[in-house]
Amino acid sequence: GNMELQKSSLYRTIDRVPKLDHYSNTLPHKQAKTRPSLAALRKAFKASPQIIFKNHISKHITPCSLIRCMLNIWGVIMFLRLSWITSQAGILLTWVMVFLSVTVTITTVLTISAIATNGKTVSGGPYFMVSRSLGPEIGGPIGLIFAVANALSSALNAVGFAEVVRDLMASYGTTIVDSTNDVRIVGVITMTALLLISFAGMEWESKAQMLFFVALMISFIGYTVGTIIPQTPVKQSQGIFGYKSEIFLANLLPDWRGPSGDFFQMFAIFFPATNGILTGVNISGDLKDPNVGIPKGTLLAVFWTTLSYLALPITVGSCVVRDASGNITDHISANFTGPCTGLACNFGWNFTDCISTQSCQYGLANNLQVPLSPTSFHLITLGVFAASLSSSLSYLVSAPKIFQCLCRDNIYPYIGFFEKGYGKSDEPLRAYILTYIICLIFVCIAKLDIIAALISNFFLCSYVLINFTCFHASITNSPGWRPSFKYYNNWICMYGALSSLILMFLLTWWAALVTIIVVFLLFLYSSYKKPKVNWGSSVQAGTYNMALSYSVSLSSVEDHVKNFRPQCLVLTGPPNQRPALVDFVGCFTKRTSLMICGDVIMWMNKRKVRSFYTPIMANSLRGGTQNLLQASGLGKLKPNTLILGFKSNWKDSSPDNLEDYVNTIYLNRFVDSVAPFRLFDEQKESASVQELRGNAPWKISDKEFEAFKLKSERKVRLNEIIRRNSLNAAIVLVSLPVPQSDCPSSFYMAWLDALTCGLHCPALLIRGNQEDVLTYYCE
């Protein structure tokens, strides 16, 4: 009864459809049972196998990409250098710097968004994206450089924090050793404290980042209030007068001062402020949904932070003069008649003495921390603390995760020690220690401007390769390149790559040259070692496109005796048993002509013979040879020479075998041309149904017709539904029914005909062959 209904496919009216879960076993850290084979699908109906996934990545860690990016973009540069850059470059050129930076970063953000939505994004950030797109040769160097760049960024922000602490202690008349060593001591202590927070795990790190974000918001409020409220005499002595049109006009144009006073040196110091755009990508493995969080969070972060970077030069440039003494006695009295130099004279202050001697301690050009906050404990200092500590902590967390991913890919030797992860979040504690040591080395430099210039170069190099990755994947039409984020263009990506490359040399040409040499040497090493990885990169797609393009163009080239090349089909049998024949043909093909023979690929590589392996099934040597001659090759790359080994055992061969060998040399065309029209067997009129069924298995019996009646009606009904709902479709895709082993072939073809009958557009019937084809889950 019911058991027989389940066992027989005659009464099964619904085909088993493909399941997406069957194809997700290529994800890292996941395991799945083997999907059902075609043989199993053709047999009796059974319950679908249960797919069990084991995910080792913690899912309760859901840091916000938006907040992280904003915290890193609102870094130490904004609080400690942007007002000084405004005094040097003026408001207009500072805006040019902002727009130039945004032009480079927004193209990179669009590129990152496209790459992030092209498949499953795991930990490793930009390294993972570039390496899986351009291969290990390019991905390896950029992963190493980007990990170092993140470590340098962590050191940069720690130095910025240390500078503020040093200046704060100096305001109270306190020092530890001296000005430079105080920065080093505070910087080392800061890095050590941040390392301990990182060891506590992502949960604590995320909580700390939220506290820093709240502190930054309070600082912005304090800054805004400080520009609006009336300024006290102490503030005015420091050059802060509130919004004045005269101050705005005076600060509109540049006033270059000192050896670093030019546009590109100022831009080199400013550019690291925008490097936080990759923060969400750096922790992609810890985001709940990186395919959504990275594009949305990064774009929103760029929008809001760009507004703030445009607003700050205008506000500070409208309220603060370039030079001020900070001396309350410089206020101009009512009976003052002496000379007065500078814009502050219009507001009742005489800073002539410090301007003439270039000894002013306050104003935009001299005070790196313009104290606009209205409270006694300057909220701007709180903002600097929050910005520097949050950015330093974020980069300290990002660098080890990138380096861990690089180590696990085993591209370079002697770094596998750092790949080990600990805990449920797979924290790379060993890589944390290495990053910490690198940070301490650069903290000891204790010069924020020098570190900022180096960081700009490393990040720009990363942007070059990230943008080129998207450009290359687009122009090669790689089948694995199908990002759901559509707001990008391959030529815009190329513009981003070229502009980043040009800026590298304009900012610090010697550092750019050293970076490119390092990348090139690492590229040569990876190319020489050829890591045993296959990520389906766009380089592979480009190789296929080039080969296909050249093959097609070769078809239009006319043959000429000067360009004749022997393209040999060598019937060697097992070629390792006939090496003399293979080597003989290789002597005149010389790796420059086509050679096709049956072979074991590794064996052919060891003998340094270039050849293709073309196996074929045939009833005879002659028939197989004819099929090989017709089917082998592509376009003009087809065999034009047939080479056979001499049949040395012909005396011991059977007559049929010997005749087949001779007929292979003498190819009987008339016989082949009339063979399809010959009648070899006659159907007898008195033959029984069983005999007809045996001689003609495609015939359909009455019993089979009734058994398959319900399934046939279902195909007709499905055709009606398709026609009704696909009136405006350009193509209809239908799951191809599995041909059951007990179903006559003519019946199966009748189903396909009924399923696609009357459609106004092409119908594509699809059924997989149990091979992975969904690149969405591929690394």
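Contact map, the range 401-422: first residue not assigned by the TED database to the domain that holds residue 135, second residue surrounded by fewer than 19 Cβ atoms within 10 Å (Cβ to Cβ), Cβ cut-off under 8 Å, separation 6 or more or different chains; the map is empty. Here residue 177 meets each of (1) free of Cβ contacts under 8 Å to residues at least 60 places away in the same chain; (2) out of contact with any Asp or Glu (no Cβ under 6 Å at 6 or more places or on another chain); (3) assigned to a helix (DSSP H, G or I) with one exception, condition (3).
Would you mention how many residues in the range 559-597 are charged (D, E, K, R) and under 13 Å from residue 637 (Cα atoms)?
Taking the range 559-597 first, the residues charged (D, E, K, R) are 559, 562, 565, 578, 583, 590-591.
Among the residues that remain, those that are also under 13 Å from residue 637 (Cα atoms) are: 559, 565.
So the answer is 2.
Before we move on, is residue 114 open to solvent by less than 10 Å² (accessible area, probe 1.4 Å) and touching a Cys at 6+ places or on another chain (Cβ under 7 Å)? Answer is yes for this residue.
To keep it simple, each residue is scored yes or no on (1) modelled with pLDDT of 75 or more; (2) more than 28 Å from residue 224 (Cα to Cα).
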{"position": "259", "(1), (2)": "yes, yes"}
{"position": "271", "(1), (2)": "yes, no"}
{"position": "285", "(1), (2)": "no, yes"}
{"position": "300", "(1), (2)": "yes, no"}
{"position": "312", "(1), (2)": "yes, no"}
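Okay, residues lined up against (1) in contact with a helix residue (DSSP H, G or I) (Cβ under 9 Å, 6 or more places away or on another chain); (2) closer than 28 Å to residue 329 by Cβ:
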residue: 211; (1), (2): yes, no
residue: 216; (1), (2): yes, no
residue: 220; (1), (2): yes, no
residue: 228; (1), (2): no, yes
residue: 242; (1), (2): yes, yes
residue: 252; (1), (2): yes, no
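Any residue in the range 332-343 that's assigned by the TED database to the domain that holds residue 239: show its pairings with residues that are open to solvent by 50 Å² or more (accessible area, probe 1.4 Å) at Cβ separation under 6 Å, as long as the two are six or more apart or on different chains. Going by the 6 Å Cβ cut-off, there are no qualifying pairs. Each residue in the range 708-726 was checked for being within 14 Å of residue 757 (Cα to Cα) and either open to solvent by 100 Å² or more (accessible area, probe 1.4 Å) or assigned to a helix (DSSP H, G or I) (or both), and 13 of them qualify.
Summed over the range 578-600, residues that are modelled with pLDDT of 80 or more and open to solvent by 90 Å² or more (accessible area, probe 1.4 Å) total 2. Counted as qualifying within the range 414-526 are the helices (runs of 4 or more DSSP H) with 1 or more residues that are more than 23 Å from residue 198 (Cα to Cα), namely 448-475, 490-507.
Residue by residue, here is whether (1) out of contact with any Cys (no Cβ under 7 Å at 6 or more places or on another chain); (2) in contact (Cβ under 8 Å) with a residue 40 or more places away in the chain; (3) open to solvent by less than 30 Å² (accessible area, probe 1.4 Å); (4) not assigned by the TED database to the domain that holds residue 481 holds:
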site	(1), (2), (3), (4)
498	yes, no, no, no
504	no, yes, yes, no
510	yes, no, no, no
565	yes, no, no, yes
569	yes, yes, yes, yes
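Looking at the range 200-214, can you tell me whether even one residue there is more than 30 Å from residue 434 (Cα to Cα) and not polar (S, T, N, Q)? Checked against the condition, which is being more than 30 Å from residue 434 (Cα to Cα) and not polar (S, T, N, Q), the range 200-214 yields at least one hit. Restricting the range 221-277 to residues that are in contact with a Pro (Cβ under 6 Å, 6 or more places away or on another chain) and outside any loop (DSSP other than H, G, I, E, B), the residue that is surrounded by the most Cβ atoms within 10 Å (Cβ to Cβ) is 226.
The values are calculated or read from the model by the stated rules, or taken from the named source; none is laboratory data. Please read all numbers here as calculations on a predicted model, not as lab measurements. Counting neighbours? That spans all protein chains shown, and the Cβs are built from the backbone with ideal geometry, glycine included. We work out accessible area using only protein heavy atoms, side chains counted, and drop any ligands, DNA or RNA first. Shrake-Rupley method; radii C 1.70, N 1.55, O 1.52, S 1.80 Å.
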